[in-house]
Structures are given as C-alpha cells and as structure tokens.
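For reference, the structure is listed below as structure tokens.
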Ligand code: NAP
C-alpha cells in the first residue's frame, strides 16, 4: 500500500470513529495505547491491564485492537474476527477512554503489528506517541516478528504480566536483539485470568461470572462459542 492510500485508510477509520481523533493541538504530546491481542475471548484481566496502562503511562486513550489473522496462530483454531471484535466492543463500551477498533480485523491477510503501527504513524501527526500494549509472553517474541526494527522505531512497548512472572526471557531476548526497544513492564494481578481458562470453563459448562463482563458471557451463549452447552438465552441459568 502506498503512503497516500495508507493515510486514506486511516483517515476513514478516524472519520467513522474506529480510531480516536487525536493530535489536534501541535503543542501537546498525546499518548495513544494500542491494546493488541487475539482476545479469544476478552476478559477482565485484559480490561484491568489496559486501565492500569492508561493510569501508569498517562495515556489519552486505549484502543483495543483484536488481531485479524494472528501471525503465530495460522495452525490454531481462532474464533472469527467478527465475534472477537463484537465481544471486545461489548466489554469496552462503558469506559470513556477505551475504544474497540476493527482496524486489524478488517485487514486482509495475516496481521503484522509492524504494518498496523506504520499505518497508525501515517494517520496521526508526530505529536501522537504510540504505546503497543500486550502480554509479556508476546513481548518476549517481538524480536522474531516481521520488521521488528520498525516496531522498535514506531512505538513504545508495554508488557503486561501477572505477579511472579519471570521477565528474564523477555528482557534477554530484547537485549540480545540489539534493537532499541523501549519496553515498560506492568504487573497486573488480574492477569491470572487467561482466555484459555475462560474457554475451558465454557466448554465444561462452568460460570464466567466475574471473569469477563456479563455482556461477553451473553454473547458467547447467544452465538454458541467455545462449545457452550445449549441453554435458553436469557435464562437465569446463564451463569450456573
Ligand atoms: P498470545 O501468544 O496468544 O498471548 C501471549 C500471552 O499474552 C498470553 O498469556 C495472553 O493471554 C497474553 N496477552 C495477549 N494479549 C494481551 C494483552 N493485550 N494484554 C495482556 N495480556 C495479553 O498473543 P497474541 O494474542 O497472539 O498476540 C498478541 C499481540 O501481538 C497481537 O496484537 C498480535 O497481532 C501481536 N503479534 C504480532 C506478530 C507479528 O507481527 N509477527 C506475531 C505475534 C503476535 P490471553 O490468552 O489471556 O490473552
């Protein structure tokens, strides 16, 4: 995609509010968080991590961007992007500084973070700084991602971990790469929750209450995701 086409894609995304309007005052530095993940499904750990990043790093907004076709999951079963986006939208809709974006879900082919960051850097003026937030496990692999040096140049990285997580692997991998990554690590107790734990619970017919917003649980039941046991939607048994 040439630069003008890329700018146009991003401009249209801002226009339909799929990306935030940011950077208007050239004398102000704006900080945009991009919460990158598969979100299969989104859970309270993701939401707490994003809120913590918003507070600790003084962000102006956090954009939740479900990966379209995740690069390292080509041989794994991943729920349709449309469903993962819908759950992300439901989970983030009541927070004024969270926004769910279709930016990656709508893109054709494999989702490369470097491409996303490049498009965003073309869409926004230089006074908008990008903070790419994801799990520390993923950050440990960032040096192996396509165009890793571009990622290092275009964004600050934020690795969210649960307490007690050993950061040595991530730190060593980043250091050995020789690339100039700026990484902040955040300890988030709620990240003891994981998407795979939620999927297992749904399949076993167990409750998701307090693990993800009720609207997400409702969506999972309504659309029969993760081998959910059939129940009448709206029944009081939803959380049993
Ligand atoms: P993953 O390998 O499924 O996740 C690794 C760990 O990080 C899991 O414990 C996961 O927990 C957690 N995690 C994922 N996203 C998180 C977030 N936003 N906040 C807190 N914890 C998070 O990683 P993934 O979801 O496939 O990818 C993460 C991001 O990296 C995506 O934006 C993806 O596009 C990008 N990525 C890019 C490339 C590339 O450009 N080549 C390659 C790989 C990944 P949960 O399962 O509970 O979320």
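Rule-based calculations on the coordinates, nothing more; no lab input. Since the structure is predicted, the reported quantities are computational estimates derived from the model, not experimental observations. FYI the Cβ positions are ideal-geometry reconstructions off the backbone, even for glycines, and counts take in every protein chain you see.
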Along the Cα-to-Cβ line of residue 12, 7 Å from the Cα, sits a label point; which residues in the stretch 88-124 have backbone N less than 16 Å from it? 102-109, 119-120, 123
Rounded tilt (10° steps) of 3-15 against the dominant C-alpha axis of the chain: 50 degrees
Packing-based ranking, highest mean first, of 180-186, 95-101 given that Cβ atoms within 10 Å are counted: 95-101, 180-186
Tell me what the chain gives for mean residue ellipticity at 222 nm when only DSSP H runs of n ≥ 4 count, each as -39,500 (n - 2.57), the sum divided by the residue total, rounded to 500 deg cm²/dmol. -11000 deg cm²/dmol
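Relative to the present Cα-Cα distance, how much length would full extension add between residue 177 and residue 73 at 0.36 nm per residue of separation? List each step's numbers first, then the result.
Details: separation 104, 0.36 × 104 = 37.44 nm, distance 2.30 nm.
Using 0.36 nm per residue and subtracting the Cα-Cα distance, I get 35.1 nm.
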Please rank 76, 222, fewest neighbouring Cβ atoms within 10 Å first, as an exposure proxy. 76, 222
Write down the Kirkwood hydrodynamic radius of the stretch 66-167, to one decimal in angstroms, obtained as one divided by the mean of 1/r over all alpha carbon pairs. 15.1 Å
Report the Cα-based extents of the stretch 3-192 along its three principal axes, largest first, to the nearest Å. 42, 35, 33
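At R0 = 30 Å, how high is the FRET efficiency between residue 21 and residue 106 if r is their beta carbon distance? Nearest 0.05 is fine.
Working: r = 19 Å, r/R0 = 0.63.
So the FRET efficiency works out to roughly 0.95.
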Computed label-point distance, nm, for sites residue 147 and residue 169 using a 7 Å Cα→Cβ extension: 2.7 nm
Over the stretch 3-192, what is the mean sequence separation of C-alpha contacts under 8 Å (at least six apart), divided by residue count, expressed as relative contact order in percent? 25 percent
Would you mind ranking 29, 88, 79, 134 by Cβ crowding within 10 Å, fewest neighbours first? 29, 79, 134, 88
